[in-house]
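Notes follow the structure.
The values are calculated or read from the model by the stated rules, or taken from the named source; none is laboratory data. Bear in mind that the values here come from a model prediction, so they are computed numbers and not experimental data. Glycine also receives a Cβ, built like all others from the backbone with ideal geometry; neighbour counts cover every protein chain displayed.
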Protein chains: 2
Amino acid sequence: MQAINITQKLALFSDYFSPKIVGELNENYVKLAKFQGDFVWHHHEHEDELFLVIKGKFTMKLRSGNVEIKAGEFFIVPRGVEHCPSAQEEVQIMLIEAKTTLNTGNINNERTVAELQRI
Amino acid sequence: MQAINITQKLALFSDYFSPKIVGELNENYVKLAKFQGDFVWHHHEHEDELFLVIKGKFTMKLRSGNVEIKAGEFFIVPRGVEHCPSAQEEVQIMLIEAKTTLNTGNINNERTVAELQRI
């Protein structure tokens, strides 16, 4: 059992929209990810998702309007709410979400990552 | 729906070992807390706990040895594992834990906070 250094873990990968598992608690995974560009609109029927920005900033597009999230801030997308992350420049993020959560939610396309890597 | 600025929320209180609720996801609460000094040895029978250090550092005392956790690092105490947080100087922490988790776990004493404030 040891502390996990977030910045050190983030240095281990460079691919976008491909979350890596770094921990688990209470039926959720803790993941790290880098985003750049637009993702896809999707929702998770039964799962909330937490996005904590470690470095940079991004826009969470929602049907009700955009939310800007920058380093030191977090945002929780409630279950059922359609969303699309969008980052003009690279943003580094910690995610906490149910183990059952698929990155593209109700959408299955070329951006879906079914088997997440652990780092 | 809006982003939560962690530092702004932490500025709203100054009491130690008294976590405040700032969000919820998937049957867990996101909490912020400040620790200084030694807490009490306890465990949570069925719940894992995540401690993410926002500012400062602290020691998680475990029966198997101490773990040092500093800003930018997180540590997950698995269910059933006895632990005692200890901070020589003030440390500011984000916690993620099941809604059912009591701060003092299996111990009920003067440091137990049964009704958590939302900020």
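Scan the range A:32-46 for residues that are within 12 Å of chain B (Cβ to nearest Cβ), under 13 Å from the mean Cα position of the chain (by Cα) and either assigned to a strand (DSSP E or B) or surrounded by fewer than 21 Cβ atoms within 10 Å (Cβ to Cβ) (or both) and the total you get is 1. Scanning the range A:61-78 for residues that are surrounded by 15 or more Cβ atoms within 10 Å (Cβ to Cβ), facing chain B (nearest Cβ under 9 Å), on the phi < 0 side of the Ramachandran plot and of a type outside the set (A, V, I, L, M) yields A:Glu73, A:Phe74, A:Phe75.
Considering the range B:86-96, and only residues there that are free of Cβ contacts under 8 Å to residues at least 60 places away in the same chain and crowded, with 19+ Cβ neighbours inside 10 Å, the residue that is nearest to B:Lys61 (Cα to Cα) turns out to be B:Ala87.
Each residue in the range B:44-66 was checked for being of a type outside the set (A, V, I, L, M, F, W, C), touching a strand residue (DSSP E or B) at 6+ places or on another chain (Cβ under 7 Å) and within 19 Å of B:Gly80 (Cα to Cα), and 6 of them qualify. Residues in the range A:78-117 that are over 26 Å from A:Leu12 (Cβ atoms) and in a strand (DSSP E or B): 2 in all.
Figure legend. Inter-residue proximity from the range B:36-52: first residues of a type in the set (A, V, I, L, M), second residues surrounded by fewer than 18 Cβ atoms within 10 Å (Cβ to Cβ), beta-carbon distance below 6 Å, spacing 6+ or different chains. Indicated pairs: B:Val40/B:Ile107; B:Val40/B:Arg111. Taking first residues from the range A:64-75 that are within 11 Å of B:Met1 (Cα to Cα) and partners that are at pLDDT below 95, the Cβ contacts under 8 Å between residues at least 6 apart in sequence or on separate chains come to A:Ser64/B:Met1; A:Val67/B:Met1; A:Val67/B:Gln2; A:Phe75/B:Met1; A:Phe75/B:Gln2. Of everything in the range A:1-26 that is part of a loop (DSSP other than H, G, I, E, B) and at the interface with chain B (Cβ under 7 Å from one of its Cβ atoms), the residue that is modelled with the lowest pLDDT is A:Met1. On inspection, B:Phe58 fails the criterion of being over 15 Å from A:Asn26 (Cα atoms), buried (at least 21 other Cβ atoms within 10 Å of the Cβ) and more than 12 Å from chain A (Cβ to nearest Cβ). Taking the criterion of being modelled with pLDDT of 95 or more and closer than 19 Å to A:Tyr29 by Cα, the residues of the range B:30-47 that qualify are B:Val30, B:Lys31.
Within the range B:102-119, the residues that satisfy the criterion of being of a type outside the set (S, T, N, Q) and in contact (Cβ under 8 Å) with a residue 60 or more places away in the chain are B:Gly105, B:Ile107, B:Arg111, B:Val113, B:Leu116, B:Arg118, B:Ile119.
Scanning the range A:11-27 for residues being within 13 Å of the chain's Cα centre (by Cα) and closer than 26 Å to B:Glu24 by Cβ gives a total of 5. May I ask you to verify whether B:Glu89 is more than 10 Å from chain A (Cβ to nearest Cβ) and over 20 Å from A:Leu95 (Cβ atoms)? Yes.
Please work out if B:Lys99 is in contact (Cβ under 8 Å) with a residue 40 or more places away in the chain and surrounded by 20 or more Cβ atoms within 10 Å (Cβ to Cβ). Here the answer is no, as B:Lys99 does not meet what is asked. Of A:Ala98, A:Ala71, all but one fail to be among the small types (Gly, Ala, Ser) and at pLDDT 95 or above; the exception is A:Ala71.
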